[in-house]
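**Student:** Here it is, the structure, as structure tokens.
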Amino acid sequence: EKGIFEHFMLKEIHEQPTVIRRIMKGYIHDSSININQSLLNDLKQSSRIYILAAGTSMHAGIVGKKIIEDLIKKPVEVHIASEFAYNTPLIDPNAFFILISQSGETADLRTCLTKLKKQDYKTLTITNVITSTLARESLYALEIFAGPEIAVASTKAYVAQIAMLFILAYALSDKAIDIQYELSKTAQAMENFLLSDSHIRDLVVKYINTKHAFYIGRGMDYATSLEAALKLKEISYIHTEGFAAGELKHGTIALIEDKTPVIAIISHESINLNTRSNLEETVSRGAIPIVITLESLKSDGDDIILEDVHPLLTPILTILPAQLIAYYASYELGYDIDKPRNLAKSVTVE
Ligand code: M6R
């Protein structure tokens, strides 16, 4: 049921702080992590981790790579499931595979899993549907407790997947992080941001008549840019690209026209100035700049400011304005927000 919300997507966006708290309840008890010990041992013994997924779940995988590599210093590769299935790269013999799928039914991943099992690789599925095919057929499964996700555009499952990867990586690491505090703080920051979204709607109304839009970012913010662009294009049909901020000038900047919105995501000090100067490069070609950033990095004229959270958890927060931008763009253009054209909730054909 949609309750007070006009669409499932808006309801699911607003559920996200609760989803973070629910996943904490599921896996963290008195600051210790409750995850199957043989899964943790297998992950520890592996020499390399491969993450396979599609669409939004693949973007969560890219964020997960950064989290895992930062916390446990083990190499992680992220692959698009449909590519991996038929263009399999060279695999480290001591590899461990993590499959991420909200539905647990995505055909591209099922093909990958069948092949991996034939070769005796160890597999974990991270999913929202613990009774799904992928969850049943992989060696291990972890549930993300996001609750049923009805809108085709995935929102709450994405943040839950990232939180799950953070909890899993923390369980394998020896870093001293107060995980309960950091996740609760993130949930609170999400809630505070969602209390007032009218400025996002105003921003969207101002720039809705555009054919193209760009999200740019570096590092974690690049992953968020990819996800932000997918959200906007899949429900508003505005052509949107997510781009590595520094790569834009190597060709794609040619697409910037007068009044093309370019949205920069900036959540780390180390990339703040570089990304801002990439944004300036687009402004001198006529772009309208929009900045999504954190309190500690804000500068005059920034449009959307979020509270500071643990540096590995910023993607859970910076995606919120992008989800709302997508929602309001689709709303203003009068489209079927929860059921965009040409798309199904779960893609069960290859
Ligand atoms: O159920 P899955 O997570 O395996 O689905 C993967 C993609 O089909 C899915 O994330 C898709 O990209 C969404 N429509 C994005 O909002």
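Every number here is computed from the coordinates shown, using simple stated rules; none is lab data. Just so it is clear, the structure is predicted and the values come from calculations on it, not from any experiment. Here the Cβ positions follow ideal geometry from the backbone for every residue, glycine too, while neighbour counts run over all protein chains shown.
**Student:** Computed FRET efficiency, Cβ-Cβ of Thr88 and Ser198, R0 51 Å: what is it to the nearest 0.05?
**Tutor:** On the way: r = 48 Å, r/R0 = 0.95.
Result of the calculation: an efficiency of 0.60.
**Student:** Turning to a different aspect of this structure: Using θ = phi - 60° and the Karplus relation 6.51 cos²θ - 1.76 cosθ + 1.60, list the HN-Hα couplings for region 297-309 in order, rounded to whole Hz, with x at every Gly or Pro.
**Tutor:** Couplings: 10, 5, 9, 4, x, 5, 8, 10, 10, 10, 5, 6, 9 Hz.
**Student:** Shifting gears a bit: Around Phe243, which amide H atoms from residues at least 5 apart in sequence, or from another chain, sit under 5 Å from its own amide H, with H modelled in the peptide plane?
**Tutor:** The list, which skips near neighbours in sequence, is Tyr215, Ile216, Gly217.
**Student:** Assuming R0 = 51 Å, what is the FRET efficiency of Asn342 and Asp174, from their Cβ-Cβ distance, to the nearest 0.05?
**Tutor:** On the way: r = 47 Å, r/R0 = 0.92.
FRET efficiency, Asn342 to Asp174: 0.65.
**Student:** Roughly how tilted is helix 179-194, in degrees to the nearest 10 and between 0 and 90, from the longest Cα axis of the chain?
**Tutor:** 30
**Student:** Could you list Ser225, Ser82, Ser57, Ser277 so that the one with the fewest beta carbons within 10 Å of its beta carbon is first and the one with the most is last?
**Tutor:** Working: Ser225 29, Ser82 19, Ser57 26, Ser277 11.
The fewest-first ordering by Cβ neighbours comes to Ser277, Ser82, Ser57, Ser225.
**Student:** Just rank Tyr181, Tyr158, Tyr140, Tyr237, fewest to most, by other beta-carbon atoms within 10 angstrom. Walk me through the numbers before you get to the answer.
**Tutor:** Numbers: Tyr181 11, Tyr158 30, Tyr140 19, Tyr237 15.
Neighbour counts put them in this order, fewest first: Tyr181, Tyr237, Tyr140, Tyr158.
**Student:** Additional query: All other residues with a Cβ under 9 Å from the Cβ of His239 taken together, and with Lys, Arg as +1 and Asp, Glu as -1, what is their net charge?
**Tutor:** On the way: positive: Lys211, Lys233; negative: Glu241.
Result for the local shell: +1.
**Student:** For region 1-113, what Kirkwood radius comes out of the mean inverse Cα-Cα distance, in Å?
**Tutor:** For region 1-113, the Kirkwood estimate is 16.2 Å.
**Student:** Is any residue of region 54-71 close enough, with backbone N under 16 Å, to a label point placed 7 angstrom from the Cα of Glu350 along the Cα-Cβ axis, and if so, which?
**Tutor:** Answer for this model: 54.
**Student:** Which whole-Hz ³J(HN,Hα) couplings does region 58-70 yield from phi under the Karplus relation 6.51 cos²θ - 1.76 cosθ + 1.60, θ = phi - 60°, glycine and proline marked x?
**Tutor:** Each residue of region 58-70 in turn: 5, 5, 4, x, 5, 5, x, 4, 5, 5, 5, 5, 5 Hz.
**Student:** Under a point-charge model restricted to the Cβ atoms of Lys and Arg (+1) and Asp and Glu (-1), what is the dipole moment magnitude of the chain relative to its Cα centre, in debye to the nearest 20? Before the final figure, lay out each step's value.
**Tutor:** Details: 34 positive and 43 negative charges, 162 e Å.
Dipole about the Cα centre, nearest 20: 780 debye.
**Student:** Would you mind calculating the gained length between Ile150 and Asp120 on full extension (0.36 nm times residue separation, minus the Cα-Cα distance), in nm to one decimal? Write down the numbers at each step before the final one.
**Tutor:** Numbers: separation 30, 0.36 × 30 = 10.80 nm, distance 3.46 nm.
Difference between extended and current length: 7.3 nm.
**Student:** Taking 0.36 nm per residue of separation and subtracting the Cα-Cα distance, what length does fully extending Asn209 through Leu273 add?
**Tutor:** Working: separation 64, 0.36 × 64 = 23.04 nm, distance 2.94 nm.
Extending this stretch completely gives an extra 20.1 nm.
**Student:** Quick one: which residues, 5 or more positions from Ile51 or on another chain, have an amide H under 5 Å from its amide H? H modelled 1.01 Å from N in the peptide plane, none for Pro or chain starts.
**Tutor:** Long-range HN contacts for Ile51: Glu77, Val78, His79, Ile98.
**Student:** Return the inverse of the average 1/r over all pairs of distinct C-alpha atoms in region 201-347, which is the Kirkwood hydrodynamic radius, in Å to one decimal.
**Tutor:** Details: mean 1/r = 0.0654 Å⁻¹.
About 15.3 Å for region 201-347.
**Student:** I'd like the orientation of helix 269-283 relative to the chain: the angle between its Cα long axis and the longest Cα principal axis, in ° from 0 to 90, rounded to 10.
**Tutor:** Relative to the chain, helix 269-283 is tipped by roughly 40 degrees.
**Student:** What full-extension length gain, to one decimal in nm, is calculated for Ser38 and Phe5 as 0.36 nm per residue of separation minus the Cα-Cα distance? Before the final figure, lay out each step's value.
**Tutor:** Details: separation 33, 0.36 × 33 = 11.88 nm, distance 4.22 nm.
Additional length available on full extension: 7.7 nm.
**Student:** Right, something else. For a quick check: with amide H placed at 1.01 Å from N, whose amide H comes under 5 Å from Lys122's, ignoring anything fewer than 5 positions away on the same chain?
**Tutor:** Phe97
**Student:** Nearest 0.05, what FRET efficiency do Glu295 and Ser184 give at R0 = 25 Å with Cβ-Cβ as r? Spell out each step's value before the answer.
**Tutor:** Values: r = 18 Å, r/R0 = 0.71.
Calculated value: 0.90.
**Student:** When the helices in the chain are scored as -39500 (n - 2.57) per DSSP H run of 4 or longer and the sum is shared across all residues, what 222 nm value do you end up with, to the nearest 500 deg cm²/dmol?
**Tutor:** Numbers: 13 runs with 164 residues, N = 350.
Value at 222 nm, helices only, nearest 500: -14500 deg cm²/dmol.
**Student:** For Lys185, list the lysines whose Cα falls under 20 Å from its own Cα; do not include residues on the same chain fewer than 8 positions away.
**Tutor:** Lys25, Lys156, Lys175, Lys298
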